[in-house]
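What follows is a single structure, written as structure tokens, with notes after it.
A short reminder: the numbers here are calculations on the coordinates, not readings from a lab. Source: prediction; values computed, not measured. Cβ atoms come from the backbone with ideal geometry, glycine included; neighbour counts cover every protein chain shown.
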Amino acid sequence: MSCIRVLPDQVANQIAAGEVIERPASVIKELLENSLDAKATRVEIEYKQGGRNYMRIEDNGCGMSKDETLLALERHATSKIRKADDLNSLFTMGFRGEALPSIASVSRFQLQSRDESSDSGTEVLVNGGKLIHAKDCGMPQGTRIQVDQLFNSVPARRKFLKTDATESAHIVHCSRLYALAHPEVAFSLIDDGRQIFKSPPCSRLEDRVAEIFGKQVSKSLLSVDAEKGDLKLTGLIGRPGTSRSSRHEMLIFVNNRPVESRTLGYALVESFYGHIPKGRYPIAFLFLELPPHLVDVNVHPAKREIRFRNEAQVRGFAIRSILEALREHLDTLTISPKVLVEKRQSAPPVETKRTELPRPDLSKPSKLEVEVADDLSLKAEAVEQQSEPQTDLPGQEARGAEKEAPQSPPAILDSSWEFVGWAQNEFAIFNTEAGISLLNTKAAEQRIWYERLVKQYENESIESQRLLLPIPVEFDPVSASLLSENIQFLETFGIAVAPFGRNFFRIEGVPSWLSEGDAEDYLREVVSMLREGALNDGRSAKGLESMAQHAASRATRNTALPDPDQLKLMLDQLFSCRNPLSDPQGRPSFIEISKGEIERRFQRHSSTRKNELF
């Protein structure tokens, strides 16, 4: 057995670098935190080739003297804390003193800095953890750090880096997080000599959001400003109806530190329950402020995750604050939901010429209208109850049995189905030889459209139509860069997009089944799937499935109820699908109630029927 020994400092630094430095964006993050802790009012970030070969961060902060410059490269050398109790009163971004020595151990690291009291600056050059030189240099007050050849001393780590475009996207995302957290600081980001964004100091968060995400996003936001005890929540959230298909624009900050918090993330999603479609995510830039001793920022090596001392209190406060902001917005509407329900009740029914089928009574308000008319505070209670596990819901066992039951096509198809009428103005009732079947026409249409579109996607033969008036769309820098690289690729999906200025594009053509009003949302969903890698090379089954699901949902939106002839055609098309039993989301397209089940419900057993014959 080998003897236990103390690792050399260089090896220890490289091990620490494996925890702190995952990719070039991690270097940018650590150096940005140091610049902000140094009270910088201007920060410039430049990188090349995704940051793998060149990164530079320059600020006008307080700087360091010659002795402090050399000491900063020692492990656990920091000016942020002195004793363990200081961890309970942290107001700085960094505090461990591991960033600079870890970065210097796996790259060619050059540090130049000058404080206010020094006549000249100090330059220190370290290559792979070995000090090359330390000398005087001329520079203004502040700090300039240049990192070249990242992971040069551990080449195996370089093989795990992604493409330049992917690494660049991570750097841009990291930079804009800290730019949002500190709108009072001027930020500049340069990629291979091309300026990604440049924002002067902003007095308001709305201005910084407009600089980074565009004016279209900033105009669709509501302010949040709530305070209770030691907790304070401020920021911006999207208006009801404004949503995204991913969480990329759900940004949360705790004491101005960008973090990933399940507590606040779930609170945000739950607060928008009923305001945005299911499966969509709100836009949010939220800032939570609380005393440092109520939050632990030292639970993750890269400080991405945090832990609250009282998770339930923070979650409840966040939900109430966001719901209050949404309520204030709804109160500004000219017509209240209750008045809308009353008007719908008094309005005469609309006659449709398309069908002569009997319709259910629509004179009473629907369940949805009643829910909309409910007070928002009652809805908040329902949201909290929904987040808890529910085991006593009626019909839950039946739904579980349906999932476990093998899905096989019915023995008797549409040829023996006799249309009877409508239930709930949505479900078609059929009398069959086996019993009764209820067809969800929306689900059936979505299944038919879904399989039709999957074939088109697989063959890359999407029918496209040109728009008479192109639709302008603005994206954030990461999405804009990704979209620019995939314009030709998107044409195979029937989407024609052309650049229209910095981070602006024009939608000039859309798939033939897509309405003009849905073009922007559809393009944003496609770009979101590109960011997640769900459409790599156009061959990802998950990506094709997601696009076809969205397409089928849109193509069947707001369609009128079919007449008997259309129902017969729908059944023929449904049962010719590969999976006629469910819609693209896996929900049943129709359910069957057997004759035996009906007789059992009416307590008509075989012996009873025999007695009735005599």
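FRET efficiency for the S484 to N298 pair, using the beta carbon distance and R₀ = 45 Å, is estimated at 0.65.
Please give the length that would be gained between R466 and F419 if that part of the chain were fully extended, namely 0.36 nm times their separation in residues minus their C-alpha to C-alpha distance (nm, one decimal). Display every interim value, and only then the final one.
Working: separation 47, 0.36 × 47 = 16.92 nm, distance 4.03 nm.
Answer, rounded to one decimal: 12.9 nm.
Residue separation of T166 and I593 scaled by 0.36 nm, minus their Cα-Cα distance, works out to 148.5 nm of gained length. Grouping the Cα pair distances of the range 9-199 into 10 Å bins from zero gives a pair-distance distribution of 9, 37, 39, 14, 0 percent in increasing distance order. Computed from the Cβ-Cβ distance with R0 of 25 Å, the FRET efficiency linking E520 to R262 stands at 0.25. Can you pull the one-decimal nm distance between simple spin-label points at S223 and R601, each 7 Å off the Cα toward Cβ? Distance between label points: 5.6 nm.
Using 0.36 nm per residue, how much length does the chain from S246 to F500 gain when fully extended, once their Cα-Cα distance is taken away?
On the way: separation 254, 0.36 × 254 = 91.44 nm, distance 2.45 nm.
Length gained between S246 and F500: 89.0 nm.
Between L7 and E116, the simple spin-label model (points 7 angstrom out along Cα→Cβ) gives 4.0 nm. Of the chymotrypsin sites (Phe, Trp or Tyr not before Pro) in the range 475-506, the ones in a loop by DSSP (not H, G, I, E or B) with at most 15 other beta carbons within 10 Å are F500.
With 24 Å as the limit on Cα-Cα distance, the pairs of K232/K278; K39/K66; K39/K198; K48/K219; K442/K595; K442/K568 that go past it are K232/K278; K48/K219; K442/K595.
Approximating the spin labels as points 7 Å out from Cα along Cα→Cβ, the I190-to-E532 distance works out to 3.6 nm.
Note: relative contact order over the range 89-243, using C-alpha pairs below 8 Å and six or more positions apart, is 12 percent.
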